[in-house]
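Since the structure comes first, as structure tokens, the remarks are kept for the end.
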Amino acid sequence: MDGPHVTAAGGRTVRLADIATRAGVSVKTVSRVINAEPHVAAATRQAVEAAIEELGAGGDSRPRGRKRRTGVVGLIFPDVRNDYFAAVSRALQERLATVSPTLVSSDSDDDLHIEDEILQAYRRLEVDGLVIFPTGAPGLPEFARQIPTVVVDRTVPSVRGLVDHVLPDSRRAAESLTLHMIEQHHVQRVCLVAGNLGVSTLRNRHTAFHRVVGRTGTENHVLAGLTTAEEAETAAYALFRTLEPPFGVLSTNSLMFWGVLSAAVRLGLKIPSDIVLTTFDQIPGVGTTGIVPTNAVAPATTLAARVVQLLTERINNPGLPPRLLEIDYDIAYGTTCGCIPLDAARNVLG
């Protein structure tokens, strides 16, 4: 039988479309009633339940969730080049091994249209669940209402309060890094070098940065909307040549970090005596340089553990209310802020 269906007594199948027609509602509404989702009017729920009974899909065989499991979980992340997403993907694979034998991952390239296409493909695959670093595809809310979904790292308005979330506390980490530069290294001016502020995590870091400089009265400068290390280098070079050292810089990811570092080298500015540099995320490629970044990193294993916990509970009990779990970043202090002596890094940057 074509289309989504439920199994009635005696093995006969009843299409959700038939139930919807009998009840005078949409197929989506039938699905929401079947999965015991909240925010369905009592009269509507009664009409759907009556239609289910009339069509012979009630009783002990009445559906209590989605169809049989396929053993496949989908993962959508925004940038395969980012080591952080790769680390989370590996950690999820390890954690999901006991729950689902197959993790299918896709790169949305931070493009909501690509994300929509991936969601459609995952629907055809009949995945048991979805883990997503969302970009904001129009089809995401409907997908999440039908298939157990956990949003990780960042969120978008269309699913806020609708699905389970596991979010690192970007605000607290950005406040800690900014305050560290001001209070521990006594810089009189600080800069934020940021990517797309439409991304919730980056927007949170921007908000926290402004909260700290507003509270401390510190001179500040913001570069935002940068997407590559080259863009960050160009923008940072133009700004830094107008500033008197020393000053502090908070970069929002590894691409921004390398852009700042390249601009500093071009201008002959030394790290950390001229620029106290802090960042988010692991910094690939620093192993042979002697650089030890001062950075905030969301612990991939903790993140994965919480995601799998929520996803497993959601698959087993679709009627649970949406949950939000926040986790702390791990912050390490290294050579780029001056907490660790320069050693080999002096030769690279000096």
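Each value in this text was obtained by applying a stated rule to the coordinates, not by laboratory testing. Just so you know, these numbers come straight off a predicted model, no measurement behind them. Neighbour counts run over all protein chains shown; Cβ positions are idealised from the backbone, glycine included.
Values computed for the structure shown
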item	result
Modelled FRET efficiency - R0 41 Å, LYS28 with GLU244, Cβ distances, 0.05 increments	0.10
For region 247-253, 3J(HN,Hα) per residue [Karplus equation, 6.51 cos²θ - 1.76 cosθ + 1.60, θ = phi - 60°, Hz, x = Gly/Pro]	8, x, 9, 10, 9, 8, 6
Which of ILE132, GLY338, ASN204, positive extreme of dipole for the chain (C-beta unit charges)	ILE132
Theoretical FRET efficiency, 1/(1+(r/R0)^6), r = Cβ-Cβ of ILE340 and THR70, R0 41 Å, to 0.05	0.25
Debye, to nearest 20: dipole size of the chain, +1 on Lys, Arg Cβ, -1 on Asp, Glu Cβ	760
Packing rank of 121-129, 143-151, where each peptide gets the mean count of other beta carbons within 10 Å, highest leading	143-151, 121-129
Under 5 Å, built H, 5+ apart or other chain: amide partners of THR149	LEU130, ASP164
Residue-averaged [θ]222 nm for the chain, counting only DSSP H segments that reach four residues, each worth -39500 (n - 2.57)	-12500 deg cm²/dmol
Residue-span extension gain [GLU326 to GLN46] - 0.36 nm each, minus C-alpha spacing	97.1 nm
At 1.002 mPa s and 20 °C, Stokes diffusion of region 84-166 via Kirkwood alpha-carbon radius, µm² per second	164
Axial C-alpha extent at least 30 Å, average Kyte-Doolittle at least 1.6 - helices from the chain (DSSP)	none
